[in-house]
Amino acid sequence: MKKENETPTTENKVCVITGANSGIGFETAKSLCGKGVTTVLVCRSREKAEKAITKIKKSIPDAKADFAIADLSSQKQIREMSSKLLKRYPIIDVLINNAGSWYSDFDLTEDRIERQWAINHLSYFLLAHLLLPAIQNSDDPRIINVSSDSHFQGKIHFKDVLLRKNYHGLRAYAQSKLANVMFTLEFDRRKPAGFEHITINAVQPGLVKTDIGLKHTISFHGLMWKIRRLLGVSPEKGAETSVYLATSEEIKGVSGKYWDKCKPKPPSKKGTDKEDAQKLWLLSLEMCAIRNYFP
């Protein structure tokens, strides 16, 4: 039983969450604020961030909410944001790579990388690397990567990972979500001395009623998403497993798992392919211009 003067384990914790101004990310941020966690909402614009924080504080007046700005399709902006975060927060207890995108049409970022691959996978890989100095300083550091059961239909197209020759939005999305799982497991396998205490897990939030399938899609795909999401759960429900992994004492030290409904479950066979995971790791290092992942 909690003593009267005992500080809840989630207080004094710092969590950074990407894609936090709407959908699952917003509900995750709101729930963490409700638990006393200092929550840094990573958003594309100051306007979106301030609007989200104002909304959180309407229901949680004492919420400890901060924000950081970056377009996660830009590696330059991710690096600049990370540098500022490290100065502001020398200790980061939780990183939730939550941001996700879906594009019907092929499009390249300023780094000449296909957008879904850049946002859904490389931003996870790069941001975790850049924030490692602060994450490593935590007594109970946790990295959470929001993936999807779509990864069961995914394949890493190593000969054409940008899908220049055979692009389809669903193919690109499934590939990126598979990459989330493979990155999670390979990070856990590669942790060197001094990084063993960092846990990393992947999450399947389920089919959630969000606007991800409406923002950058052709009209037919948008219509299909509207119909499909009718069967989905609320964003608040979809955030539950991320919040559980970020705060629960029950899973302290548990790492390298794929979670669904607050329970681990087996990922796809491709997700556990160690040889492909090593190839993906090396490819991601090259695409992010990283020489040594664990500094």
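The values are calculated or read from the model by the stated rules, or taken from the named source; none is laboratory data. What you see is a predicted model, and the numbers here were worked out from it, not measured in a lab. Cβ atoms come from the backbone with ideal geometry, glycine included; neighbour counts cover every protein chain shown.
Results, tabulated for the structure shown:
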{"quantity": "The stretch 231-260: number of residues that are assigned to a loop (DSSP other than H, G, I, E, B) and over 30 Å from His157 (Cβ atoms)", "calculated": "9"}
{"quantity": "Close pairs from the stretch 243-266: first loosely packed, with under 14 Cβ neighbours inside 10 Å and of a type in the set (Gly, Ala, Ser), partner in a strand (DSSP E or B) and modelled with pLDDT of 95 or more, Cβ under 9 Å, at least 6 apart", "calculated": "Gly253/Thr199"}
{"quantity": "Filter result (assigned to a helix (DSSP H, G or I) and of a type in the set (Ser, Thr, Tyr)) within the stretch 158-189", "calculated": "Tyr173, Ser176, Thr184"}
{"quantity": "Index of the failed condition, Arg112 passing every other in (1) within 18 Å of Ile198 (Cα to Cα); (2) free of Cβ contacts under 8 Å to residues at least 12 places away in the same chain", "calculated": "(1)"}
{"quantity": "Every residue from the stretch 139-155 that is in a loop (DSSP other than H, G, I, E, B), free of Cβ contacts under 8 Å to residues at least 60 places away in the same chain and crowded, with 17+ Cβ neighbours inside 10 Å", "calculated": "Pro141, Ser148"}
{"quantity": "Cβ pairs under 7 Å, 6+ apart, first in the stretch 25-36 and within 11 Å of Tyr244 (Cα to Cα), second of a type outside the set (Val, Ile, Thr)", "calculated": "Thr28/Asn98; Thr28/Ala239; Thr28/Ser242; Ser31/Ala239; Leu32/Cys15; Leu32/Ala246"}
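Yes or no, residue by residue, for (1) over 16 Å from the mean Cα position of the chain (by Cα); (2) more than 20 Å from Lys257 (Cβ to Cβ); (3) of a type outside the set (Lys, Arg):
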| site | (1), (2), (3) |
| --- | --- |
| Asp149 | no, no, yes |
| Gln153 | yes, yes, yes |
| His157 | yes, yes, yes |
| Asp160 | yes, yes, yes |
| Arg171 | yes, yes, no |
| Phe187 | no, no, yes |
| Gly194 | yes, yes, yes |
| His197 | yes, no, yes |
| Asn201 | no, no, yes |
